[in-house]
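The values are calculated or read from the model by the stated rules, or taken from the named source; none is laboratory data. Every value quoted in this text rests on a predicted model; they were computed, and no experiment measured them. Methodologically, a virtual Cβ is constructed for each residue, glycine included, from the backbone with ideal geometry; neighbour enumeration extends over all protein chains shown. Each accessible area value is taken on the protein alone, full model and side chains, heavy atoms only, with ligands, DNA and RNA left out. Shrake-Rupley method; radii C 1.70, N 1.55, O 1.52, S 1.80 Å.
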Amino acid sequence: MTTGASTPSSAARPPRSRLRTFLPLGIAAWLVLEIWLLTVVAGASSGLTVFLLLLAGFVLGAVVIKRAGRRAFQNLSQAVQQGTAPASGGGSGLMMLGGLLLMIPGLISDAVGLLLLIPPVQQALGRYAERTVERKLRKAAPGTLGDAFQQARIHRPDGKVVQGEVIRDEPGGDAPQAPRPPLTH
């Protein structure tokens, strides 16, 4: 069934970003490299050595994720008790990512995961991510999600919720409407 609306032509589509173009290729190359490296290490030593390396990475990753989650929960609990915003720069997110990379089978992901557990690396990546997000938010076009986030951040930095009701004045809407129940949480 057609609605009569014309379908957009392929020329009207925005161009694909570089990330969407090269990400699948990068993931495939990473997987091939991980498998190749595991076979090289297994050939140089033994299959048991590779298995023990992968098992140790999994266990270490689980411990790191548990510890980082506990630290993030403690920071959140303190912030709620004090009535302030949670402390940023704790590095819990990067520690969790490092733990996740340790849990993924592969030696390259283990090396990157271990690298993310080093505090100076966490601080440098945290600063880089913060600058990148700030730059993206400044360049956000009106009406986008980034613009809405920026407006919410600018207008309500304290995070307070303002109770209210939205009333729409629609043209031709002279018909009486039934009263609506109040919003509750």
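Scan the stretch 59-68 and give yes if some residue there is more than 23 Å from the chain's Cα centre (by Cα) and either at pLDDT below 80 or part of a helix (DSSP H, G or I) (or both), otherwise no. For the stretch 59-68, residues more than 23 Å from the chain's Cα centre (by Cα) and either at pLDDT below 80 or part of a helix (DSSP H, G or I) (or both): present.
Considering only residues that are over 16 Å from residue 117 (Cα atoms) and of a type in the set (Val, Ile, Thr), look in the stretch 36-76 and name the one that is least open to solvent (accessible area, probe 1.4 Å). Looking at the filtered set, the residue picked out is 50. Within the stretch 95-121, the set of residues being part of a helix (DSSP H, G or I), within 14 Å of residue 64 (Cα to Cα) and in contact (Cβ under 8 Å) with a residue 24 or more places away in the chain comprises 95, 96, 98, 99, 100, 101, 102, 103, 110, 113, 119.
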